[in-house]
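Notes for the one structure printed next.
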């Protein structure tokens, strides 16, 4: 049985959608059990409406506090010992569960991962690794997108190794293609850190396919793309804003006159499919790669389906012993200067 802690108080729609998502995941995965962490009375009333076979695999772990998005993450994690994300991470550290899922504060999630759980041996800095939609429908893992603003060449190398393991073990990609986000395709392009990282990546056993330009990020040329956290976060936020703006502009055009409205009606099924292909909930959440066990961060506005996908993602992470495989791969990497 795979036991997963869920921060039931994290997210815009907590705890209702979080509990509903846990119930969906449990219905689909008989080998999963869930520890809901949060305010006991609220959770008990929600769990009571679930099917009996689901209720039998749900435990409620009381936590009286919540860390908000407006709080300083590291300070809040240290001070709020009974916050739901802190209690959930402590369950993970102490071995009561094997994975954690939250839709709460990203900062608190990462701070708890570092301060409570800790890093894998040999990992300098963990990386947040969402899956972005691609034109071929498979998606691309982009890391880091903000766990750390700066990255040395060795950090980028570690991201590449961890991303490759994740893509293979959890997403089921065979020999995942790993690219390095850069301003050009040629090996000599980029700043000093990226140039040095390129040289290090060429020498590794992963399937490194070279530089990837931002315009080709979603083209399906790679399964994993590596970047420093500052740039990765800018790329992610730009993409979110671009998608929202594009759909808003399309909506304005479709209601401009009767011809546009008629065309919109005919295109509605295709537009719905396009919107679904860009939906983050299809991919579950973003793992924090490099901490000792599976930690999955779902989008703050996640509904039940996204939470359920995040739980199933965490289950695959545990079943494939991905953290252990990552630690072994990091230990086996070739460091610049070695023979």
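Observations on the model:
- Of all residues in region 32-56, those satisfying the criterion of being modelled with pLDDT of 95 or more and closer than 21 Å to residue 318 by Cβ are 32, 33, 34, 35, 36, 37.
- Condition broken by residue 83, with the remaining ones in (1) surrounded by 18 or more Cβ atoms within 10 Å (Cβ to Cβ); (2) under 20 Å from the mean Cα position of the chain (by Cα); (3) modelled with pLDDT of 90 or more satisfied: (2)
- With respect to the conditions (1) within 20 Å of residue 333 (Cβ to Cβ); (2) not in a helix (DSSP H, G or I), residue 220 falls short on a single one, namely (1).
- Residue list for region 161-178, restricted to those being touching a strand residue (DSSP E or B) at 6+ places or on another chain (Cβ under 7 Å) and buried (at least 24 other Cβ atoms within 10 Å of the Cβ): 162, 163, 164, 166, 167, 178
- If only residues of region 200-217 that are in a helix (DSSP H, G or I) and surrounded by 13 or more Cβ atoms within 10 Å (Cβ to Cβ) are counted, the one that is farthest from the chain's Cα centre (by Cα) is 200.
The values are calculated or read from the model by the stated rules, or taken from the named source; none is laboratory data. Fair warning: this is a prediction, and the values are worked out from it, not measured in the lab. Quick reminder, even Gly has a Cβ in these numbers, built from the backbone with ideal geometry, and neighbours come from all protein chains shown.
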